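The values are calculated or read from the model by the stated rules, or taken from the named source; none is laboratory data. Everything numeric in this text was worked out from a predicted model, so none of it was measured. For neighbour counting, all protein chains shown are included, and Cβ atoms are generated from backbone atoms with ideal geometry for every residue, glycine included. Please note that ligands, DNA and RNA were not included when accessible areas were found on the heavy atoms of the full protein model with its side chains. Shrake-Rupley method; radii C 1.70, N 1.55, O 1.52, S 1.80 Å.
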Amino acid sequence: MDKTILYNDSKVTEFVLLGLSSSWELQLFLFFIFLLFYMTVILGNLLIMVTVRADAHLLQSPMYYFLGHLSFIDLCLGCVTVPKMLRDFLQQGKIISFSGCLTQIYFLHFLGANETFLLTVMAYDRYVAICNPLHYLTVMNRQLCFQLVFACWFGGFIHSISQVTLVIQLPFCGPNELDNFYCDVPQVIKLACMDTYVVEVLMVSNSGLLSLICFFVLLFSYAIILTTLRTRFHQGRSKALSTCASHLTVVSLIFVPCVFIYLRPFCSFSVDKIFSVFYTVITPMLNPLIYTLRNADMKRAMKKLRKKYEK
């Protein structure tokens with residue numbers, strides 16, 4: 001593919017996205033597949049948000065309060081890269097402006113870091129609920145829940161600003177081909193017209209270590225929870241194990257791709273695109289399914305909501 005470089009004082013103002021495939025037939029097939037994924041992301045997460053808002057019992061529960069915010073984040077995260085990717089499947093030239101590239105990076109890391117922090121908060125919520133059940137509602141009161149969610153959003157903002165700052169100060173004079181279907185820091189900084197060793201180390205220190213540390217904190221939290229569950233009655237233990245299994249599944253789907261992508265600078269592999277698809281498309285799609293299919297309270301609330309609108 002010819003490199004499309006628009007010069008303004010020798011600066012690249014557009015990037016060419018190589019996408020997932022160069023085959024027109026395969027691109028058409030992928031268009032319909034990812035369109036289905038995108039519709040599932042939108043409808044699934046909207047369903048969870050509406051269900052939580054419509055059910056007074058769920059709305060008063062800290063766990064579902066956080067789950068509603070997680071669905072909103074997944075809904076937004078699915079809209080960062082997928083609409084552009086769907087449009088690119090139907091055309092030959094996959095072009096994104098420099099400002100559009102920065103916008104994708106900003107919202108991708110803003111929402112991704114927010115989700116990372118929120119999952120850590122949800123692990124703490126489960127820890128309090130299982131290890132200190134008598135004081136659960138006192139500890140996880142509405143004010144604390146609001147403060148924790150606000151801290152997640154603020155932390156995501158600080159993280160994303162730092163990522164955009166890493167990129168915006170770099171000089172780009174060509175080449176301008178990004179071997180992915182969206183803009184992200186690891187691919188973009190490799191196109192800079194300078195030695196990016198320090199920048200890549202900063203990227204690892206920010207995104208890579210952030211993902212790894214939160215992942216270990218979550219695993220440690222659930223290890224404590226599972227150890228505590230060994231002493232509980234079977235009925236309560238079974239429900240708590242089901243909830244923890246759902247959370248651990250979501251955590252694995254999000255953190256494993258993040259650690260793989262951001263914790264190894266200076267090199268790239270052919271499977272990077274697969275991990276990128278998981279992070280930006282598959283995980284936001286699977287979260288609603290995981291939390292509804294394995295959650296009796298959500299299924300009961302959805303049945304109640306359906307009967308309400310059938311009348």
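Okay, residues lined up against (1) surrounded by fewer than 22 Cβ atoms within 10 Å (Cβ to Cβ); (2) over 17 Å from the mean Cα position of the chain (by Cα); (3) farther than 30 Å from Leu18 by Cβ:
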{"position": "Ile42", "(1), (2), (3)": "yes, no, no"}
{"position": "Leu46", "(1), (2), (3)": "yes, no, yes"}
{"position": "Thr51", "(1), (2), (3)": "no, yes, yes"}
{"position": "Ala54", "(1), (2), (3)": "yes, yes, yes"}
{"position": "Gln60", "(1), (2), (3)": "yes, yes, yes"}
{"position": "Leu75", "(1), (2), (3)": "yes, no, no"}
{"position": "Thr81", "(1), (2), (3)": "no, no, no"}
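Name, by its number, the condition in (1) surrounded by 20 or more Cβ atoms within 10 Å (Cβ to Cβ); (2) assigned to a helix (DSSP H, G or I) that does not hold for Phe15.
(2)
So, in segment 157-189, of the ones that are assigned to a loop (DSSP other than H, G, I, E, B) and within 23 Å of the chain's Cα centre (by Cα), which residue ends up nearest to Gly112 (Cα to Cα)?
Result: Asp184.
Determine, yes or no, whether Leu20 is within 20 Å of the chain's Cα centre (by Cα) and closer than 29 Å to Leu137 by Cα.
It is false that Leu20 is within 20 Å of the chain's Cα centre (by Cα) and closer than 29 Å to Leu137 by Cα.
If a residue has to be without any contact (Cβ under 8 Å) to a residue 24 or more places away in the chain and of a type in the set (A, V, I, L, M, F, W, C) to count, how many in segment 109-136 make the cut?
2
Would you mind telling me which numbered condition in (1) at pLDDT 90 or above; (2) closer than 30 Å to Phe32 by Cα; (3) assigned to a helix (DSSP H, G or I) Ile96 fails?
All conditions pass for Ile96, except number (3).
Go through segment 185-202 and give me each residue that's more than 17 Å from Leu102 (Cα to Cα), touching a Ser or Thr at 6+ places or on another chain (Cβ under 9 Å) and surrounded by fewer than 18 Cβ atoms within 10 Å (Cβ to Cβ).
If the condition is that a residue be more than 17 Å from Leu102 (Cα to Cα), touching a Ser or Thr at 6+ places or on another chain (Cβ under 9 Å) and surrounded by fewer than 18 Cβ atoms within 10 Å (Cβ to Cβ), then Cys193 is the only one that fits.
Would you confirm whether any residue within segment 103-122 is at pLDDT below 90 and over 26 Å from Leu210 (Cα atoms)?
For segment 103-122, residues at pLDDT below 90 and over 26 Å from Leu210 (Cα atoms): absent.
Could you go through segment 137-152 and let me know if any residue there is surrounded by fewer than 17 Cβ atoms within 10 Å (Cβ to Cβ) and aromatic (Phe, Trp, Tyr).
Checked segment 137-152: at least one residue is surrounded by fewer than 17 Cβ atoms within 10 Å (Cβ to Cβ) and aromatic (Phe, Trp, Tyr).
Only one residue in Leu102, Leu134 is open to solvent by 20 Å² or more (accessible area, probe 1.4 Å), out of contact with any helix residue (DSSP H, G or I) (no Cβ under 9 Å at 6 or more places or on another chain) and not polar (S, T, N, Q), so which one is that?
Sole residue among the options that is open to solvent by 20 Å² or more (accessible area, probe 1.4 Å), out of contact with any helix residue (DSSP H, G or I) (no Cβ under 9 Å at 6 or more places or on another chain) and not polar (S, T, N, Q): Leu134.
Being surrounded by 16 or more Cβ atoms within 10 Å (Cβ to Cβ) and without any contact (Cβ under 8 Å) to a residue 60 or more places away in the chain is the filter here; which residues of segment 163-181 pass it?
Listed by number, the residues that qualify are Gln163, Leu166.
Only one of (1) among the small types (Gly, Ala, Ser); (2) open to solvent by 20 Å² or more (accessible area, probe 1.4 Å); (3) part of a helix (DSSP H, G or I); (4) modelled with pLDDT under 80 fails for Ser268. Which number is that?
(3)
Just one of Gln143, Gln163 is out of contact with any Lys or Arg (no Cβ under 8 Å at 6 or more places or on another chain) and under 19 Å from Leu263 (Cα atoms); which is it?
Gln163 is the lone residue from the list that is out of contact with any Lys or Arg (no Cβ under 8 Å at 6 or more places or on another chain) and under 19 Å from Leu263 (Cα atoms).
Could you give me the residue pairs with C-beta distances under 8 Å whose first residue belongs to segment 281-307 and is more than 14 Å from Leu67 (Cβ to Cβ) and in a helix (DSSP H, G or I), whose second residue is open to solvent by 30 Å² or more (accessible area, probe 1.4 Å) and of a type in the set (Gly, Ala, Ser) wherever it lies, and which are 6+ apart or on separate chains?
These pairs meet every condition: Leu305/Ala54.
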